[in-house]
């Protein structure tokens with residue numbers, strides 16, 4: 001194998017596939033990046049058997065030559081060293097050549113590295129996915145769906161299913177739900193699908209986080225193919241495979257209250273900043289709890305940690321309807337929820353001091369955040 005390639009394109013592809021490579025693997029060859037040169041271009045692959053990422057660098061793009069293929073072939077190189085080397089090479093072009101016994105030479109300018117390669121034949125094959133059923137989402141919508149839900153997945157392995165985001169597709173509507181049993185994030189979106197397929201799968205939160213970092217902010221769409229145990233995201237020159245989590249996601253619909261006793265509308269930014277300030281003195285306490293109470297014309301946010309001090313702040317509300325209320329909740333959960341919502345005003349709906357409450361952007365039915373209160377009063 002021998003080819004010459006633009007260094008910045010190589011670096012970008014290496015950075016992308018590196019997100020799937022882990023040093024903690026039981027299969028030693030997976031600590032490497034697989035490089036395949038064909039007459040069409042160069043393909044890099046990284047995998048940790050949960051996530052696999054394949055990045056393709058075409059021979060030419062928009063009339064510019066990116067790769068010059070001198071001899072086709074394949075090799076696996078240690079990801080850690082290969083990625084550090086290509087980042088620090090001195091010139092804009094890199095020559096990679098595999099010689100006898102998998103010895104691989106990387107040249108750039110006056111610099112030459114010799115790396116011991118591994119046999120690409122021993123690298124596990126990526127899942128072969130039948131692409132009969134696929135649907136497309138624009139990149140910016142996909143990133144929004146991830147951003148507005150993935151932070152609420154559980155970080156505890158006691159219930160592995162909750163470490164993922166539940167994606168349900170029916171009647172051309174995609175519903176994404178994440179919960180760690182103390183809070184819940186939900187986002188809906190209309191999707192155009194060719195078939196009337198129904199899906200109900202759970203995608204690991206870790207996979208969605210990595211996917212979100214890799215896909216560009218472009219208006220191009222991403223094709224999504226779901227099978228029994230895998231999901232494939234196809235963007236331009238990029239394939240991202242993730243295994244799905246096994247098991248049934250809990251039915252969260254009964255968690256979300258249908259009616260409310262107190263509805264409060266506030267400006268998102270003011271409310272977020274007030275919670276942030278209150279949490280400064282709550283941080284030492286139990287899970288940084290802040291207290292929230294309705295007052296004339298607005299709400300009062302307070303926090304009290306006996307050995308440090310206390311803080312009280314009023315936030316104006318554009319409307320308060322229903323019963324008076326005192327409630328306590330985690331400042332962190334509230335701030336995470338507010339940062340995920342879009343819109344200048346939000347409505348918070350309460351059904352009592354010990355019941356979960358719902359936060360929605362005003363005039364937007366597609367997004368919802370739910371938080372369970374903390375017992376302090």
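Residues in segment 155-164 include none that are within 26 Å of residue 34 (Cβ to Cβ) and not assigned by TED's automatic domain parsing to the domain that holds residue 31. Residue 362 meets all of the listed conditions (1) crowded, with 19+ Cβ neighbours inside 10 Å; (2) touching a residue at least 24 places away in the same chain (Cβ under 8 Å); (3) within 17 Å of residue 317 (Cβ to Cβ) but one, namely (1).
Out of the residues in segment 125-150 that are out of contact with any strand residue (DSSP E or B) (no Cβ under 7 Å at 6 or more places or on another chain) and at pLDDT 90 or above, state the one that is surrounded by the fewest Cβ atoms within 10 Å (Cβ to Cβ). So, considering only residues that are out of contact with any strand residue (DSSP E or B) (no Cβ under 7 Å at 6 or more places or on another chain) and at pLDDT 90 or above, the one surrounded by the fewest Cβ atoms within 10 Å (Cβ to Cβ) is 125. Among all residues of segment 20-40, there is at least one that is assigned to a helix (DSSP H, G or I) and touching a helix residue (DSSP H, G or I) at 6+ places or on another chain (Cβ under 8 Å).
Quickly run through segment 313-326 and pick out the residues that are in contact (Cβ under 8 Å) with a residue 40 or more places away in the chain and part of a strand (DSSP E or B).
If the condition is that a residue be in contact (Cβ under 8 Å) with a residue 40 or more places away in the chain and part of a strand (DSSP E or B), then 315, 316, 319, 320, 321, 322, 326 are the ones that fit.
Filtered by the rule that a residue be farther than 27 Å from residue 50 by Cα and part of a loop (DSSP other than H, G, I, E, B), segment 95-127 gives 99, 109, 110. Within the bounds of segment 172-179, is there any residue that is over 22 Å from the mean Cα position of the chain (by Cα) and not assigned by TED's automatic domain parsing to the domain that holds residue 365? Yes, segment 172-179 has at least one match. Considering only residues in segment 43-68 that are free of Cβ contacts under 8 Å to residues at least 40 places away in the same chain and touching a helix residue (DSSP H, G or I) at 6+ places or on another chain (Cβ under 8 Å), the one that is surrounded by the most Cβ atoms within 10 Å (Cβ to Cβ) turns out to be 46.
For the structure I just gave you, tell me whether residue 330 is within 34 Å of the chain's Cα centre (by Cα) and more than 21 Å from residue 370 (Cβ to Cβ).
When the stated conditions are applied, residue 330 does not pass them.
Do we find that residue 59 is closer than 17 Å to residue 4 by Cα, at pLDDT 95 or above, touching a strand residue (DSSP E or B) at 6+ places or on another chain (Cβ under 6 Å) and not assigned by TED's automatic domain parsing to the domain that holds residue 245 in this structure? So residue 59 fits the description; yes. Looking across segment 333-352, just one residue is over 17 Å from residue 265 (Cα atoms) and surrounded by fewer than 19 Cβ atoms within 10 Å (Cβ to Cβ), and that is 336.
Of 169, 211, 174, 184, which residue is outside any strand (DSSP E or B) and in contact with a strand residue (DSSP E or B) (Cβ under 9 Å, 6 or more places away or on another chain)? Step through it out loud before you land on a result.
Numbers: 169 fails: outside any strand (DSSP E or B); 174 fails: outside any strand (DSSP E or B); 184 fails: outside any strand (DSSP E or B).
When all the criteria are applied, what remains is 211.
Within segment 184-230, if we keep just the residues that are without any contact (Cβ under 8 Å) to a residue 60 or more places away in the chain and closer than 16 Å to residue 19 by Cβ, the residue that is surrounded by the fewest Cβ atoms within 10 Å (Cβ to Cβ) turns out to be 205.
Taken together, 106, 53 contain a single residue that is outside the structural domain of residue 239 (by TED's automatic domain parsing), over 30 Å from residue 193 (Cα atoms) and touching a strand residue (DSSP E or B) at 6+ places or on another chain (Cβ under 8 Å), which is 106.
The values are calculated or read from the model by the stated rules, or taken from the named source; none is laboratory data. Note that this is a predicted model, so its numbers are computed, not measured. Positions of Cβ are generated from backbone atoms using ideal geometry, with glycine treated the same way; all protein chains shown enter the neighbour counts.
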